[in-house]
Amino acid sequence: MRRFVTALSGLACATIALAGPVAAYEIDPLTRQPLSEVLTVRVRAQAVPTANAALPAADPLQQSPAAAAVPQATAIGRETVAYTGPHTPGTIVVSTAERRLYLVLPGGEAMRYGVGVGRPGFTWGGTQTVTMKREWPDWRPPAEMLRRRPDLPRYMKGGIENPLGSRAMYLGNTIYRIHGSNEPETIGTAVSSGCIRMTNEDVADLYTRVKVGTRVIVQR
């Protein structure tokens, strides 16, 4: 079952988008991938939450019966950084080149998270809004995916085995989501079918900070 779930994780979101050209002038020292659209940020020294840091007691991630089995290791620690970009507080900015997601905060700062992004052929860019939020979301593979993979289940109930993880934020009327993942080792890589994946710990943190209607800008 684990092998099957691992295979599903890279397919949780699916539609083919045109891949953008690569301009390899800088290399991410962590992922060894080219950076072509680097955001203007300066890292400030700050304690990074440890992998064992507890979520608030009221968080459903801890209350779920399956929570004890959810891998909570943070592949790339989230941190507060200085932000000098043009976007207003409350905006989510995803840099697929950096494999980072920024939530713009007041006072010239942003919360930066490591993310996994679409693999070659499944990258995309543009502006969307968060139209729906779900905890422990169910998964229904879209028609585009089922045409490519008719062997996939038509429905998977939310829970620890679900490739959408503990939280999902749905983007516009697309089939893309910002969602959790039970494979923290994939954060910082390009393995998804277009969705933005985070560790379950980080997506739970972001989930509490954003509302339906939040603007999401995805940069290639």
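Summary table
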quantity: Accessible area (Å², 1.4 Å probe, nearest 10) - Lys133; calculated: 50 Å²
quantity: Modelled FRET efficiency - R0 35 Å, Glu144 with Thr88, Cβ distances, 0.05 increments; calculated: 0.55
quantity: Cleavage-rule hits (chymotrypsin sites (Phe, Trp or Tyr not before Pro)) in region 154-191: DSSP loop, at most 16 neighbouring Cβ within 10 angstrom; calculated: Tyr155
quantity: Antiparallel %, DSSP beta bridges [both residues in region 113-210], to 5; calculated: 60 percent
quantity: Computed E for Thr208/Glu161 - FRET, C-beta separation, R0 30 angstrom, nearest 0.05; calculated: 0.80
quantity: Apportionment of accessible area to carbon and sulfur, region 114-220, percent (1.4 Å); calculated: 52 percent
quantity: Spacing of the two label points (7 Å from each Cα toward its C-beta) at Leu105 and Arg134, in nm; calculated: 3.0 nm
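The values are calculated or read from the model by the stated rules, or taken from the named source; none is laboratory data. As the structure is a computational prediction, the values presented were derived from the model and not from experiment. In this analysis, Cβ positions are derived from the backbone assuming ideal geometry, glycine residues included, and neighbour counts consider all displayed protein chains. Areas reflect the complete protein model, heavy atoms only, side chains present, ligands, DNA and RNA absent. Shrake-Rupley method; radii C 1.70, N 1.55, O 1.52, S 1.80 Å.
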